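Q: My questions all concern the structure below.
The values are calculated or read from the model by the stated rules, or taken from the named source; none is laboratory data. As the structure is a computational prediction, the values presented were derived from the model and not from experiment. Note that each Cβ is placed from the backbone with ideal geometry, even for glycine, and that neighbours are counted across all protein chains shown. Note: areas computed on protein heavy atoms with side chains; ligands, DNA, RNA excluded. Shrake-Rupley method; radii C 1.70, N 1.55, O 1.52, S 1.80 Å.
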Amino acid sequence: MSIFVPENPGLLLASNSTVSIMIKQFLAKIPRKSSKSNASDPDGGSSSSSVINDVSNNNGFLNTYNAISSRLNTIKKMSSSIFPASIMPAGEMIDPRVPFKDVQNSDKLRLLISKLNLCSKLYDFSDQNQDSIEKDIKRQTLSEIIDFLSSESPKLTEPAMFSICKMCGNNLFRDFPPKNSILSQRGETEDEEPCFDPAWSHLQLVYEILARFLTQTSLDPKIAKQYIDHSFILRLLDLFDTEDPRERDCLKAILHRVYGKFMVHRPFIRMVVSNIIYRFVFETEKHNGIAELLEIFGSVISGFALPLKKEHKMFLLRALVPLHKPKSVGVYHHQLTYCVVQFVEKEPKLSSDVIKGLLKFWPVTSSQKQLMFLSELEELLEMIHTDEFEKIMVPLFRRINCCLRSSHFQVAERAHFLWNNEHILHLIMCNRQVIMPLVFSSLEQNSQKHWSRTVVNLAQNMMKMLDDVDHELVVSCQGRVEEDKSTLTVAAERRRLTWERLESVSIMEETATTCVVSC
């Protein structure tokens, strides 16, 4: 191996001079300490002037290396004394109390992460006076984050997305206190006073941040789905059981945005909501957010493509229809009816299956539920086709006949009002040979001796209309009614005679027993 040695010593001097200039330029870019520290380096290193002298005096590169290392170590210790290394993900952190307007645009996302970390800390709101200063600082910081996301519309990096989801999860995902009583679920009407969360002043701002995050135009769902994942959505849906109606309204808006933004999560959301409904209907009958979930799904169902998938039909028949069963159906019946009607509008052939489900869960003792069912039934019959109507008309009008006979005047009136609907009246008239014998006896009885004058007038008008349309059918129905009455009279007389014979036999046996005992 040969070693190159320059023939001219001036080249070596020129090389040393060039190195010296380069080191000067490098050290000039390094931040300097105060004048005190320049005089004496605490780590035992030389100042920049001593480094230059070492090089110029040809002491070798060893002293130069030691001087540069000493300077870099000093700078590192200065930054570590301000922010611990454990909270420095990618460079120096920024004080979260600094306003966004006081930092450069390149540093705003790092400041956002600092503020989100500050807001991740939780406080006890059972005592409003505890940590009041810290709570106020957190509230102000949350407001600053909302203003930043609203006005700046920044393109969020993955660390920022992670920090937002982490902060929202820490504040929102929590266990609710146990209910006061097993029977404390809301009944047919919302008479109970709503329960408000004492931490709402912070929770409201957190929900607003999450909503702003989901509505960012620059948000890429393919990246954000790593943080808005199945676990996040599952915990979010669990929050619908909160007793605070304000929080349920916020959750409704959030879930709607998540469903619209992340198409990959839609099947999972539908599955989880179905499980919530199954548990509510068949196990607990206690849940505070069924109305809000159905309201969201009303708009979701309207967006289903035709023909409907089997999964969607199963959701209708296995989840929505059984929701008519619980006692608290009055709380969410309006939203439930809207969802069912949306399905039937898209595919009218489903109307017969839905009506069969209504008849299965038809209330017997609750007049308020009967009124709700009759209203929903009228909406469904307005959309039903003739062939589907013929499948269910016999069991349907047997049930309507029971409602016509109801002693509750509102139920009887509502059943009579079905004849005022033109489409329903057309279906009845087309199938009057089958339907009229089922309800004629109740109409005739109501037209003669119902205690409500309104019901009597409605029944008389219907009887007159039927007589005008098909007099022969009315006469035939009256003949059947008379036959039924005579048959009932004969059966009653037979029962009376049978009881008389049994009583006489019992008396004779008792008399015979008494004679035997006396003998």
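Q: Which residues, counting only those in segment 91-106, are acidic (Asp, Glu) and open to solvent by less than 80 Å² (accessible area, probe 1.4 Å)?
A: The answer is Asp95, and nothing else.
Q: Can you work out which of the residues in segment 349-393 that are among the β-branched types (Val, Ile, Thr) and either open to solvent by less than 50 Å² (accessible area, probe 1.4 Å) or at pLDDT 95 or above (or both) is nearest to the chain's Cα centre (by Cα)?
A: Top of the filtered list is Val354.
Q: Using the structure shown, decide if Ala160 is of a type in the set (Gly, Ala, Ser), modelled with pLDDT of 90 or more and over 18 Å from the mean Cα position of the chain (by Cα).
A: yes
Q: Something else: Scanning segment 154-177 for residues that are among the hydrophobic types (A, V, I, L, M, F, W, C) and open to solvent by 40 Å² or more (accessible area, probe 1.4 Å), which turns out nearest to Lys121 (Cα to Cα)?
A: Phe162
Q: Being among the β-branched types (Val, Ile, Thr) and under 60 Å from the mean Cα position of the chain (by Cα) is the filter here; which residues of segment 482-511 pass it? Steps first, please.
A: Within segment 482-511, the subset among the β-branched types (Val, Ile, Thr) is 487, 489-490, 498, 505, 507, 511.
Hits for segment 482-511 are Thr487, Thr489.
Q: Would you be able to say whether some residue in segment 405-418 is in contact with a Leu (Cβ under 7 Å, 6 or more places away or on another chain), open to solvent by 70 Å² or more (accessible area, probe 1.4 Å) and among the polar types (S, T, N, Q)? Even if it seems obvious, please write down each step before you answer.
A: Initial filter on segment 405-418 (in contact with a Leu (Cβ under 7 Å, 6 or more places away or on another chain)): 410-416.
From what is left, the residues that are open to solvent by 70 Å² or more (accessible area, probe 1.4 Å) are 410.
Checking the rest, the ones that are also among the polar types (S, T, N, Q) come to 410.
Yes, the conditions are met somewhere in segment 405-418.
Q: Tell me yes or no: at least one residue of segment 334-348 is touching a Ser or Thr at 6+ places or on another chain (Cβ under 6 Å), in contact (Cβ under 8 Å) with a residue 12 or more places away in the chain and either open to solvent by 10 Å² or more (accessible area, probe 1.4 Å) or under 20 Å from Leu359 (Cα atoms) (or both).
A: Yes, segment 334-348 contains at least one residue that is touching a Ser or Thr at 6+ places or on another chain (Cβ under 6 Å), in contact (Cβ under 8 Å) with a residue 12 or more places away in the chain and either open to solvent by 10 Å² or more (accessible area, probe 1.4 Å) or under 20 Å from Leu359 (Cα atoms) (or both).
Q: Right, something else. Consider Tyr227 carefully, then state whether it is touching a residue at least 40 places away in the same chain (Cβ under 8 Å), surrounded by fewer than 20 Cβ atoms within 10 Å (Cβ to Cβ) and more than 19 Å from Ser120 (Cβ to Cβ).
A: Here the answer is no, as Tyr227 does not meet what is asked.
Q: Residues that are of a type in the set (Lys, Arg) and modelled with pLDDT of 90 or more: list the helices (runs of 4 or more DSSP H) wholly contained in segment 400-474 that include at least 2 such residues.
A: Because the criterion is at least 2 residues that are of a type in the set (Lys, Arg) and modelled with pLDDT of 90 or more, the helices (runs of 4 or more DSSP H) in segment 400-474 that meet it are 453-469.
Q: Quickly run through segment 125-150 and pick out the residues that are hydroxyl-bearing (Ser, Thr, Tyr), open to solvent by 20 Å² or more (accessible area, probe 1.4 Å) and modelled with pLDDT of 85 or more.
A: Once the filter is applied, which keeps residues that are hydroxyl-bearing (Ser, Thr, Tyr), open to solvent by 20 Å² or more (accessible area, probe 1.4 Å) and modelled with pLDDT of 85 or more, segment 125-150 yields Ser143, Ser150.
Q: For segment 424-464, give me each residue that is open to solvent by less than 70 Å² (accessible area, probe 1.4 Å) and free of Cβ contacts under 8 Å to residues at least 24 places away in the same chain.
A: Leu425, Ile428, Ser447, Val456, Asn457, Met463
Q: Test each condition in (1) under 21 Å from Val481 (Cα atoms); (2) in contact (Cβ under 8 Å) with a residue 60 or more places away in the chain for Ser366 and report the one that comes out false.
A: The number of the failed condition is (1).
Q: Can you name the residue in segment 256-290 that is part of a helix (DSSP H, G or I) and charged (D, E, K, R) and, of all such residues, is farthest from Phe240 (Cα to Cα)?
A: Selected residue: Lys261.
Q: Further, regarding this structure: What residue, of Leu109, Leu122, is hydrophobic (A, V, I, L, M, F, W, C) and surrounded by 15 or more Cβ atoms within 10 Å (Cβ to Cβ)?
A: After ruling out the rest, the residue left standing is Leu109.
Q: Hey, does segment 306-325 have a residue that's open to solvent by 10 Å² or more (accessible area, probe 1.4 Å), closer than 28 Å to Arg212 by Cβ and either touching a residue at least 24 places away in the same chain (Cβ under 8 Å) or of a type outside the set (Phe, Trp, Tyr) (or both)?
A: No, segment 306-325 has no match at all.
Q: Residues Ser150, Ser132: which one is among the polar types (S, T, N, Q) and under 26 Å from Gln226 (Cα atoms)?
A: Numbers: Ser132 fails: under 26 Å from Gln226 (Cα atoms).
Only one candidate passes the filter, namely Ser150.
Q: Examine segment 295-302 for a residue that is open to solvent by 10 Å² or more (accessible area, probe 1.4 Å) and without any contact (Cβ under 8 Å) to a residue 12 or more places away in the chain, and state whether such a residue exists.
A: Looking through segment 295-302, none of the residues is open to solvent by 10 Å² or more (accessible area, probe 1.4 Å) and without any contact (Cβ under 8 Å) to a residue 12 or more places away in the chain.
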